[in-house]
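Okay, structure first, notes after.
The values are calculated or read from the model by the stated rules, or taken from the named source; none is laboratory data. Nothing here was measured: the structure is a model prediction, and the numbers come from that model. Using ideal geometry, Cβ is built from the backbone for each residue, glycine included, and neighbour counts are taken over all protein chains shown. Only protein heavy atoms, including side chains, enter the accessible area calculation; ligands, DNA and RNA are left aside. Shrake-Rupley method; radii C 1.70, N 1.55, O 1.52, S 1.80 Å.
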Amino acid sequence: MPRRFWTHLLPVLVLLLALAPALSGGVANAQSAERIVFAPGASSATVHGYFVQGDGKQYVLRAFAGQVMTVSPSFVNMPYTLSIYDKDGQVVGAAAAGSQWSGTLPASGDYYLSLTTAPPAVYGRVFYSLNIAIVGPVTTTPIPAAERITFAPGATSAIVSGTLYSGTPKRYVLRALTGQTMTVEANSTAPFQIEIVTASGVLLGSGSSASPVTVHLPGTQDYYILLTLPAGGAA
């Protein structure tokens, strides 16, 4: 997409809906972390496998502020360490194989689980089994009136533009299908917050205009894109 430059705060949104269904439990992000997706109605999941010493293994999953995450890494054949990071790379918790970590999550967003071995280590395969449980309320966002986006026949993307003012959020809505992937990219003269939520107000993903936001859609329904300029921002 050609870059556009604006003399005012004109956020440009590029909305891409991949037509192929999402792969459950195996979606890799830019850091090659494998995404964990709980089964519908489930509050826990178990993953297992092995990694070569020195390489490690990474997972990512989404959770909400105030929820309690409990992670239990099982010892299989060699010791290893589990570290939990938030989306900014800050350590939230850690546990050694055979123990358990539990804590209340400080913010809504992606959390990364990193499995590594501690030196000294002998080269070989480190087998692991990891159980993750998350309990607590799901954060919801109220959905007010929004401007509807309709793609052209056969198109998988659309561009909208406008002016965003501090204290006056901008809202868009569009319909998408189960298993599709939505990516929101913005080009703006000032930073602003982006949130993607379901028709019932459940937050699926958030980020800023500085980088794309990608979410995997859980059902066929309307999805809302909320744009918010920080307090004191210029129009």
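Within the range 197-232, being within 11 Å of the chain's Cα centre (by Cα), open to solvent by 40 Å² or more (accessible area, probe 1.4 Å) and among the β-branched types (Val, Ile, Thr) holds for one residue alone: Thr214. Scanning the range 192-213 for residues that are within 13 Å of Thr181 (Cα to Cα) and in contact (Cβ under 8 Å) with a residue 60 or more places away in the chain returns Leu204, Gly205. Looking across the range 53-78, the residues that are touching a residue at least 40 places away in the same chain (Cβ under 8 Å) and over 30 Å from Val202 (Cβ atoms) come down to Gln53, Gly54, Gly56, Ser74, Val76, Asn77, Met78. Number of residues in the range 93-113 that are in a strand (DSSP E or B), open to solvent by 40 Å² or more (accessible area, probe 1.4 Å) and of a type in the set (A, V, I, L, M): the value is 2. How about the range 147-193: which of its residues are open to solvent by 60 Å² or more (accessible area, probe 1.4 Å) and of a type in the set (Phe, Trp, Tyr)? Tyr165 - this is the single residue of the range 147-193 that is open to solvent by 60 Å² or more (accessible area, probe 1.4 Å) and of a type in the set (Phe, Trp, Tyr).
Among the residues of the range 136-150, are any among the hydrophobic types (A, V, I, L, M, F, W, C) and in a strand (DSSP E or B)?
Restricting attention to the range 136-150, the residues satisfying the condition of being among the hydrophobic types (A, V, I, L, M, F, W, C) are 138, 143, 145-146, 149.
If we keep only those that are in a strand (DSSP E or B) too, we end up with none.
No: the range 136-150 contains no residue that is among the hydrophobic types (A, V, I, L, M, F, W, C) and in a strand (DSSP E or B).
Okay, residues lined up against (1) at pLDDT below 50; (2) more than 23 Å from Glu195 (Cα to Cα); (3) exposed (fewer than 12 other Cβ atoms within 10 Å of the Cβ):
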{"residue": "Arg4", "(1), (2), (3)": "yes, no, yes"}
{"residue": "Leu19", "(1), (2), (3)": "yes, no, yes"}
{"residue": "Ala22", "(1), (2), (3)": "yes, no, no"}
{"residue": "Gly25", "(1), (2), (3)": "yes, no, no"}
{"residue": "Ile36", "(1), (2), (3)": "no, no, no"}
{"residue": "Asp55", "(1), (2), (3)": "no, yes, yes"}
{"residue": "Ala65", "(1), (2), (3)": "no, no, no"}
{"residue": "Asn77", "(1), (2), (3)": "no, yes, no"}
{"residue": "Ser83", "(1), (2), (3)": "no, yes, no"}
